1. For B:ALA168, state whether it is surrounded by fewer than 22 Cβ atoms within 10 Å (Cβ to Cβ) and among the aliphatic types (A, V, I, L, M).
2. Residue under question is B:ARG73, and the condition is that it be surrounded by fewer than 22 Cβ atoms within 10 Å (Cβ to Cβ) and in contact (Cβ under 8 Å) with a residue 40 or more places away in the chain; does it hold?
3. Filter segment B:23-62 down to the residues that are more than 14 Å from B:MET354 (Cβ to Cβ), surrounded by fewer than 19 Cβ atoms within 10 Å (Cβ to Cβ) and not aliphatic (A, V, I, L, M), then identify the one that is farthest from the other protein chains (Cβ to nearest Cβ).
4. Could you list all residues from segment A:190-206 that are out of contact with any Pro (no Cβ under 8 Å at 6 or more places or on another chain) and farther than 24 Å from A:LEU18 by Cβ?
5. Please work out if A:PRO187 is touching a helix residue (DSSP H, G or I) at 6+ places or on another chain (Cβ under 8 Å) and modelled with pLDDT of 95 or more.
6. Does at least one position in segment A:346-358 carry a residue that is assigned to a loop (DSSP other than H, G, I, E, B), within 26 Å of A:SER53 (Cβ to Cβ) and more than 14 Å from chain B (Cβ to nearest Cβ)?
7. Which residue out of A:VAL202, A:VAL198 is more than 27 Å from A:GLY37 (Cβ to Cβ), touching a Ser or Thr at 6+ places or on another chain (Cβ under 8 Å) and either at pLDDT 95 or above or surrounded by fewer than 24 Cβ atoms within 10 Å (Cβ to Cβ) (or both)?
8. Kindly indicate whether any position in segment A:33-46 is assigned to a helix (DSSP H, G or I) and touching a residue at least 40 places away in the same chain (Cβ under 8 Å).
Number of protein chains: 2
Amino acid sequence: MLAFSVTAVDGDARRGRLDTPHGVVDTPAFMPVGTQGTVKALRQSDLEMVGASIVLANTYHLFLRPGDESIARHGGLHRYIGWPRPILTDSGGFQVFSLAGRCVVTDEGASFQSHIDGTRHLFTPERAMDIQARLGSDIAMVLDECPAFPATRDAAAAAMRRSAAWAARCRKRRLALDAGEVEGVTPSNPGQAQFGIVQGGVFDDLRHESVEATVSVGFDGYAIGGLSVGEPPEDMRRVAAETARRLPVERPRYLMGVGTPDDLVEGVRAGIDLFDCVLPTRNARNGQLFTSQGRLNIRNARFADDPRPLDPACRCEVCRRHSRAYLRHLFLAGEMTAATLNTLHNLTFYLDTMRRIREAIAFRSFEAFRQGFARSAAVLPPDA
Amino acid sequence: MLAFSVTAVDGDARRGRLDTPHGVVDTPAFMPVGTQGTVKALRQSDLEMVGASIVLANTYHLFLRPGDESIARHGGLHRYIGWPRPILTDSGGFQVFSLAGRCVVTDEGASFQSHIDGTRHLFTPERAMDIQARLGSDIAMVLDECPAFPATRDAAAAAMRRSAAWAARCRKRRLALDAGEVEGVTPSNPGQAQFGIVQGGVFDDLRHESVEATVSVGFDGYAIGGLSVGEPPEDMRRVAAETARRLPVERPRYLMGVGTPDDLVEGVRAGIDLFDCVLPTRNARNGQLFTSQGRLNIRNARFADDPRPLDPACRCEVCRRHSRAYLRHLFLAGEMTAATLNTLHNLTFYLDTMRRIREAIAFRSFEAFRQGFARSAAVLPPDA
């Protein structure tokens with residue numbers, strides 16, 4: 001069982017410590033997304049520099065290219081990508097439903113066409129666990145069905161119940177893998193943990209039912225899935241908070257695919273321990289930057305001669321070294337370096353926010369932090 | 001006058017020390033190309049890490065975007081791009097002739113259309129100096145006319161003679177700028193040096209005439225231009241060597257736009273002190289990597305499961321951390337990080353080669369180094 005201890009609580013917010021085979025993750029933590037085995041525009045030494053303690057990698061992408069068997073031959077994903085710290089892999093389900101072609105779901109699993117070369121594949125709960133065992137991430141996620149938003153209540157219920165059945169099969173497979181009973185699969189990371197995923201859309205009673213079913217299977221941790229897929233922000237926050245409070249207090253809680261800096265603060269307030277989102281990295285590549293005074297778009301003409309750093313309160317390499325004018329120039333000139341610098345800054349802002357959150361919880365000052373955070377980010381209008 | 005001292009000689013090869021307003025450059029030196037104010041796919045801290053002591057920036061590009069006046073308002077190019085070490089700027093001539101649209105050359109100067117927005121501009125010798133004075137590079141280059149290869153003897157002679165006349169005008173403008181006599185132009189870097197450029201194509205007597213004309217004007221250093229534009233490699237090396245030996249021994253010699261690792265070694269053998277070339281950076285972005293055992297193309301299928309570093313003899317971050325298999329994966333997956341890692345490695349190889357060259361000259365063992373270098377690079381066939 002993955003070791004997790006809560007070291008401080010402040011309201012529903014908690015500070016904790018997750019002990020994985022590749023090191024400790026202080027929680028609440030944000031996981032940068034490294035889809036294909038790299039966080040886009042960065043290298044692993046950059047992630048260490050900005051203080052990432054864990055990254056997320058996408059099973060769907062790595063299965064298709066370079067392939068889980070190739071990665072296993074290199075000793076697993078950590079060695080393959082040259083990243084010695086913890087890694088969480090998703091199950092691939094979300095990409096199968098959102099990115100792959102011609103997806104067909106049955107109780108057996110989800111069949112789909114590769115978005116790269118059109119080849120046809122089948123992900124079953126068992127296969128999703130086998131692939132992640134070969135990848136050797138520190139935390140593997142169960143395969144779940146993610147209905148598109150808006151889903152009818154019936155569709156959300158059906159997907160949730162199928163996900164619950166798949167969760168039980170995933171757990172069974174995990175135990176078989178641990179026992180060395182799955183022929184042809186040698187786990188790259190024997191200490192791999194496994195998280196279940198709660199589904200149920202925006203329907204509180206379905207979420208409640210999903211919590212009961214998932215927790216009754218028994219996992220190392222629990223994720224809240226199927227949010228941040230288009231529902232109104234207030235629905236997302238309500239469902240996340242209502243679900244989090246029903247999850248076991250002694251196990252880590254992971255809010256998948258969320259979100260804005262404010263979402264992170266509100267998630268922590270509701271008792272969430274782990275987050276991932278492409279927002280800081282994708283927005284960086286589009287010139288959208290997060291600062292202690294709100295968002296800014298570096299393409300804006302008013303930055304053409306602006307000698308100030310992106311964020312005077314930020315200590316990252318970019319803010320110590322470069323002006324808004326230079327960053328705007330690099331972006332407009334189409335230089336890849338713009339993506340790198342912007343990503344470094346945005347991830348620094350996210351990870352620094354998480355560090356401040358952890359400190360605030362330790363000092364029992366989380367509510368004061370939360371109110372101050374909301375105020376300071378309102379200085380600039382969004383997307384100024 | 002730019003301070004330059006030759007600290008060791010070995011045959012025609014020389015080790016030297018160039019003292020610029022932004023620090024010392026140990027020569028022979030290779031200048032990575034930072035066209036738009038950044039070396040593509042890298043940031044300035046990367047250049048410091050790989051040991052670049054000077055970079056080249058392109059006047060044509062920076063004039064068009066963000067504009068020399070904008071850069072001057074920020075205190076010059078060093079401050080604008082956040083690079084405290086020496087910078088050399090070209091005159092913009094080469095890009096006007098090769099990249100801009102509808103170029104018309106008269107004795108007055110070269111008029112052209114921006115490749116970005118089609119606006120029409122005129123570069124005169126005077127304007128090229130004014131722009132570089134605003135940029136505030138440590139070394140400015142005179143405006144020259146670069147005929148396309150192959151050029152007839154008459155065309156090469158005409159371009160060479162026009163370049164000589166322009167060189168005299170450039171020198172006059174430089175002295176006027178130094179004296180504060182050019183209205184509307186405040187030099188960003190009062191200690192800026194100025195190099196003349198020898199032209200003459202592949203015609204030895206024209207090169208000879210160009211040397212005489214350029215040296216008689218009197219510059220801080222002398223460049224050999226108009227090579228590596230399509231002529232056979234043996235012509236390039238012959239002209240470079242024949243020209244270098246006619247240039248003043250007490251002034252730095254710069255072979256423009258050259259070249260392969262072997263070209264650098266042969267250039268140093270002929271008495272060249274400075275080089276620049278897009279080869280290590282552009283090839284990196286195309287997956288072509290330089291190693292101590294020759295070139296390799298990282299896309300090659302034989303690297304798919306290769307756990308070895310690019311170059312076992314290399315100490316760069318990429319070779320210490322990553323396998324050929326991972327680098328191939330990143331390249332095929334279209335990750336920008338591939339360009340960054342490949343560029344880091346190639347530049348490390350180039351700058352490490354220059355460091356070894358300098359050491360060999362100091363130890364009077366350059367010829368042994370040269371022969372060993374040619375042998376080791378022949379282990380792998382080119383582009384294996």
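1. Working: surrounded by fewer than 22 Cβ atoms within 10 Å (Cβ to Cβ): yes; among the aliphatic types (A, V, I, L, M): yes.
Yes: the conditions hold for B:ALA168.
2. no
3. So, considering only residues that are more than 14 Å from B:MET354 (Cβ to Cβ), surrounded by fewer than 19 Cβ atoms within 10 Å (Cβ to Cβ) and not aliphatic (A, V, I, L, M), the one farthest from the other protein chains (Cβ to nearest Cβ) is B:GLY23.
4. Passing the criteria: A:GLY200, A:VAL202, A:PHE203, A:ASP204, A:ASP205, A:LEU206.
5. So A:PRO187 fits the description; yes.
6. From segment A:346-358, those assigned to a loop (DSSP other than H, G, I, E, B) are none; that's our starting set.
There is no residue in segment A:346-358 that is assigned to a loop (DSSP other than H, G, I, E, B), within 26 Å of A:SER53 (Cβ to Cβ) and more than 14 Å from chain B (Cβ to nearest Cβ).
7. Details: A:VAL202 fails: touching a Ser or Thr at 6+ places or on another chain (Cβ under 8 Å).
Within the list A:VAL202, A:VAL198, the selection yields A:VAL198.
8. From segment A:33-46, those assigned to a helix (DSSP H, G or I) are A:44-46; that's our starting set.
Pick out the ones that are also touching a residue at least 40 places away in the same chain (Cβ under 8 Å) and you get A:46.
Yes, because at least one residue in segment A:33-46 is assigned to a helix (DSSP H, G or I) and touching a residue at least 40 places away in the same chain (Cβ under 8 Å).
The values are calculated or read from the model by the stated rules, or taken from the named source; none is laboratory data. Here the structure is a predicted model, which means the values were calculated and not measured. Counting neighbours? That spans all protein chains shown, and the Cβs are built from the backbone with ideal geometry, glycine included.
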